Amino acid sequence: MRTALLVLSVGALLGATSACSSSSAGGDEVSAKAREQQVIDTVTQAVPVAQEALGATKVLVDGSWASCPGGVGHRFAGGGTLSASEGDTEAQLDAIRTALVEAGYDDETQADGHVSVSRGEVALDFAPQLAAKTPGTFKVSYQGPCKRYSGDDEDYVKAQNLEGARQVLP
């Protein structure tokens, strides 16, 4: 029993470690600031597409640097809301999915009641909020890839964390 738990624990640790690559060790030379801008650019292109598909009148999206699961690196991530008129939730989700796929995003949806898409290393998810609280409001969340940063890039991430979340879309 202990051996099985040890094997599972080591496997989980190796999986978490391999899910995060280093920005300073060969192959990935993208700076933290450039990676942040790539994520923001992808989000600022996707959200207006979803907004138009919903006919949303209010959009609030922010983001910040966050630790990756297991504390192995950092990623730029965030989220917010899209507020539209109350309607048929399934039809609204289908409209979001169709619009984003037509705009060149890959459909990664695996759960009912969600639309999950990606472009490059950026993943986005759209889901309705509880209707009892805010009918017609959809949550959006996004995340860039987990990377380990060092040197000036690590300093940049730490400085951004001190500043807190910042608005990505008005």
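Okay, here's what the table says:
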quantity: Net dipole in debye of region 22-114 [+1 Lys, Arg Cβ; -1 Asp, Glu Cβ; about Cα centre; nearest 20]; calculated: 480 debye
quantity: Those lysines that a straight Cα-Cα span of less than 20 Å connects to Lys139, excepting residues fewer than 8 apart in one chain; calculated: Lys58
quantity: Percentage of interatomic Cα-Cα distances in region 37-120 larger than 15 Å; calculated: 62 percent
quantity: Region 97-170 shape via C-alpha gyration tensor axes, a/c threshold 1.5; calculated: oblate
quantity: Nitroxide proxy distance, nm - points 7 Å out along Cα→Cβ at Gln45 and Leu162; calculated: 3.3 nm
quantity: Extended-chain gain in nm, criterion 0.36 nm per residue less alpha-carbon gap, Glu86 and Glu121; calculated: 9.4 nm
quantity: With DNA, RNA and ligands ignored, accessible area of Arg119 (1.4 Å probe; Å², nearest 10); calculated: 70 Å²
quantity: Potential extension, Ser31-Ser150 segment - 0.36 nm per residue separation minus Cα distance; calculated: 41.9 nm
quantity: Part-to-part distance (alpha-carbon centres) for region 28-49 and region 105-165, which is given in Å; calculated: 11 Å
quantity: Virtual spin-label span in nm between Asp94 and Asp112, 7 Å along Cα→Cβ; calculated: 1.5 nm
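The values are calculated or read from the model by the stated rules, or taken from the named source; none is laboratory data. Please read all numbers here as calculations on a predicted model, not as lab measurements. Neighbour counts run over all protein chains shown; Cβ positions are idealised from the backbone, glycine included. Protein only, heavy atoms only, side chains kept; ligands, DNA and RNA dropped before computing areas. Shrake-Rupley method; radii C 1.70, N 1.55, O 1.52, S 1.80 Å.
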